[in-house]
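Structure first, then comments.
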Amino acid sequence: MAGSNKINPTIAPRPGITPPRWLLAELTYACPLQCPYCANPIDYAKYQAELDTEDWKRVLTQARKMGAVQLGFSGGEPLTRKDLPELVKHARDLGYYSNQSTSGYGLTEEKILQLKEAGLDHIQVSIQASTQELNDYLAGTTSFQNKKEVAHLVKKHGYPMVLCVVIHRENIHQMPQILEMAEELGADYLELANTQYYGWAHANRDLLLPTKEQFEQAEQVAQAFKEKVAGKMKIYYVVPDFHEDRPKACMNGWGTTFLTIAPDGVALPCHSARDLPGLDCPNVKEFSIEEIWNESKAFNFFRGFEWMKEPCGSCDEKEKDFGGCRCQAYLLTGDMYATDPVCSKSSKHEVIEKAIASARASALSGGEQPLVFRNSINSKKLS
């Protein structure tokens, strides 16, 4: 292993590295849905190889030994993996708190009972909209009724009802109805996740990015509802970067908390990091989690603050936002070292203003360009 440049970095490991706490296991890129905001890579089809059961067990064991306590099973759709209950059981035996993010598509009562017996702690169900027509259009699959049935079954079998709705211009007008639906389904937790523009969402940004007026109105509705259901339902409102003047903290600090393992075994400091040039992201088939976390070039690349350009380097907010998102900086400016252009201090903040103006023009024109859907080379419009 010592001969690989992926574990002999040009940037030396930082002293005082904290262990990973949150492990995201992306079990597969396979998914029955076709969401046009999917966070999976646009070229996901070229990553056909998947870790086998024993590889995943080894990853879970090694990460837990290092101190990881939170485990998310994600994808794609993790239910497409027949070994999911076996992996859940292994995670429980190791002492993880585990959750599964799912479209709910194909999640039967029998499978819920199987996962509960294996030790899964909670299930997060995603719904695309408050109506069948819009949900099934955005999902690219007839799934709305199945999702609602699954939500009721999750609640029936003693799980907290965790509901996630990704918010964008196609569904933001339904905010009141989405909140009513969450209440009807008995949601204990509701995540209103404003779209983050990576992967497929980046490709569809002009059609998905709400106007500032739409966002502010929806936020007011959500905050009022939050007060109404206080004590009964917790609502998490994920703010969209593009209408803010400061960026989100990049993964709570690069290589400090989060570890993502892609379906093919590539270890990533965040789920989009394989798009960044020159990181040489290592694979768990070649290296241990300890080697990857402590010694790899990828995980040391943006640790600390020495890599920062101005204005980040001397900014008194750098320990809050860590210069913002590296993947977003690269997507929008072509420079992964740049200040995240969401920040009003960035010399390239105009790219955000141009993106907002472009999306607004698209909204005013009626969005004649159709959405590009995941899993398909075809594009669609809701008639």
### Task
Quick one: pull the percent of accessible area on region 296-355 belonging to carbon and sulfur, 1.4 Å probe, ligands and nucleic acids left out.
50
### Query
Among 227-233, 124-130, what's the highest-first ranking by average C-beta atoms within 10 angstrom per residue?
124-130, 227-233
### Message
Once ligands and nucleic acids are excluded and a 1.4 Å probe is used, how much of I17 is accessible, expressed in Å² to the nearest 10?
### Response
50
### Query
If amide H atoms are built 1.01 Å from N in the plane of the peptide, which residues on other chains or at least 5 residues away come under 5 Å of the amide H of Q100?
F73, H122, I123, Q124
### Query
Tally Lys and Arg at +1 and Asp and Glu at -1 over the other residues with C-beta under 12 Å from the C-beta of K232: what net charge comes out?
0
### Task
Would you work out what percent of the accessible area of region 171-212, with all protein chains in place, is carbon or sulfur (probe 1.4 Å)?
47
## Note on the structure
Summing -39500 (n - 2.57) over every DSSP H run of at least 4 residues in the chain and dividing by its residue count gives a helix-only mean residue ellipticity at 222 nm, to the nearest 500 deg cm²/dmol, of -9500 deg cm²/dmol
### Loop-located trypsin sites (Lys or Arg not before Pro) in region 52-105, at most 16 other Cβ atoms within 10 Å (DSSP)
K82
### Message
Could you put D335, D241 in order of accessible surface area, largest first, with the 1.4 Å probe and the full protein assembly present?
### Response
D335, D241
### Query
For region 1-153, which whole-number percentage of the solvent-accessible area (1.4 Å probe, protein heavy atoms only) is attributable to carbon and sulfur atoms?
53
## Note on the structure
Non-local residues with an amide H under 5 Å from the amide H of I167, with H modelled 1.01 Å from N and Pro and chain starts lacking one, are A193, N194, T195
### Message
In Å², and per residue, what accessible area does the chain have when probed at 1.4 Å with the other protein chains present?
### Response
43
### Message
Using only the heavy atoms of the protein chains and a 1.4 Å probe, how would M66, M161 rank by accessible area, largest first?
### Response
M66, M161
### Summary
Gyration tensor (Cα only) of the chain to equivalent ellipsoid, semi-axes in Å sorted down, yields 31, 28, 19
## Note on the structure
Scoring only Lys, Arg, Asp and Glu (+1, +1, -1, -1) among other residues with Cβ under 9 Å from the Cβ of A329 yields 0
### Query
Taking the Cα centre of each part, how many Å lie between region 117-146 and region 211-274?
19
### Task
Could you pull out the GluC sites (Glu not before Pro) across region 328-375 that fall in loop regions by DSSP (anything but H, G, I, E, B) with no more than 11 other Cβ atoms inside 10 Å?
E368
### Query
How much accessible area does S101 have with a 1.4 Å probe, in Å² rounded to the nearest 10?
40
### Message
For region 253-383, take every pair of Cα atoms, bin their distances at 5 Å starting from 0, and report each bin as a whole percent.
### Response
2, 10, 16, 15, 15, 14, 12, 9, 5, 2, 0
### Query
What accessible area, in Å² to the nearest ten, does a 1.4 Å probe give for T260?
10
### Task
Would you mind checking the pairs K297/K348; K318/K354; K65/K248; K155/K234; K111/K234 and listing those with alpha carbons more than 20 angstrom apart?
K297/K348; K318/K354; K65/K248; K111/K234
### Whole-Hz ³J(HN,Hα) from phi, Karplus 6.51 cos²θ - 1.76 cosθ + 1.60, for region 27-42, glycine and proline x
5, 6, 9, 5, 7, x, 9, 10, 3, x, 10, 3, 7, 5, x, 4
### Charge-dipole axis of region 95-138 as Lys and Arg at +1 and Asp and Glu at -1 on Cβ define it, positive-most pick from A118, G104, Q128
A118
### Summary
dims of region 273-321, Cα set, principal axes, largest to smallest, nearest Å -> 40, 21, 14
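The values are calculated or read from the model by the stated rules, or taken from the named source; none is laboratory data. Quantities reported herein were computed from a predicted structural model and do not represent experimental measurements. Don't worry about glycine lacking a Cβ; one is built from the backbone with ideal geometry, like all the others, and counts go over all protein chains shown. Ligands, DNA and RNA are excluded from the accessible area calculation, which covers all protein heavy atoms including side chains. Shrake-Rupley method; radii C 1.70, N 1.55, O 1.52, S 1.80 Å.
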